[in-house]
Amino acid sequence: MDFSKILTKHYNENAWGCGNTYESMMWQDTTLSKPSKEHLETLWNDILKDEMREQRNQLLKDSDYTALPDYPNREAWLDYRQQLRDFPSVWSVGVSFPTKPIS
């Protein structure tokens with residue numbers, strides 16, 4: 001888990017210092033309590049899912065041309081693109097994206 005990435009995204013306006021562990025994270029903001037480790041884990045998982053979606057969207061964009069009616073092996077590419085669209089519903093950390101078909 002990247003604490004600095006989480007804190008920068010969700011607590012950028014609060015005062016904090018960051019170490020490599022929850023225990024070493026220095027919460028200096030007096031207006032807000034230090035977020036729990038569990039809450040930060042939830043935010044981290046949200047960041048990972050957002051990054052996965054960005055990568056998935058790029059893969060869809062990069063394969064747009066394969067949906068043209070005369071593209072070779074079009075059905076396999078359409079299936080791949082559907083798998084990409086469905087991917088967020090089956091994704092978890094460590095799960096790989098579907099494999100591109102051979103053109």
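Readers should treat all values here as calculations from the given coordinates under stated rules, not as data from a laboratory. Remember, predicted model here, so these are calculated numbers, not experimental data. In this analysis, Cβ positions are derived from the backbone assuming ideal geometry, glycine residues included, and neighbour counts consider all displayed protein chains.
On each of the three principal axes of the Cα atoms of the chain, give max minus min coordinate, whole Å, ordered largest first.
Reported extents, whole Å, longest axis first: 62, 22, 19.
Nothing charged except the Cβ atoms of Lys and Arg (+1) and of Asp and Glu (-1): what's the magnitude of the dipole of the chain about its Cα centre? Round to the nearest 20 debye.
Its charge dipole is roughly 100 debye.
Return the long-range amide H neighbours of Trp27 (sequence gap of 5 or more, or a different chain), with a cut-off of under 5 Å between placed amide H atoms.
So Trp27 has HN proximity to Gly17.
Arrange His10, His39 by Cβ neighbour counts within 10 Å, fewest through most, would you?
Ordered by Cβ neighbours within 10 Å, fewest first: His39, His10.
Given a cut-off of under 8 Å on Cα pairs at least six residues apart, what relative contact order in percent is computed for the chain? Please report the intermediate quantities before stating the final value.
Numbers: 73 pairs, mean separation 19.1, N = 103.
Worked out over the chain, it gives 19 percent.
Hey, fewest Cβ within 10 Å first, where do Leu43, Leu32 land in order?
Leu32, Leu43
What pairs from Lys5/Lys61; Lys49/Lys100; Lys37/Lys100 go past 32 Å between their alpha carbons?
In this structure, Lys37/Lys100 lie more than 32 Å apart at Cα.
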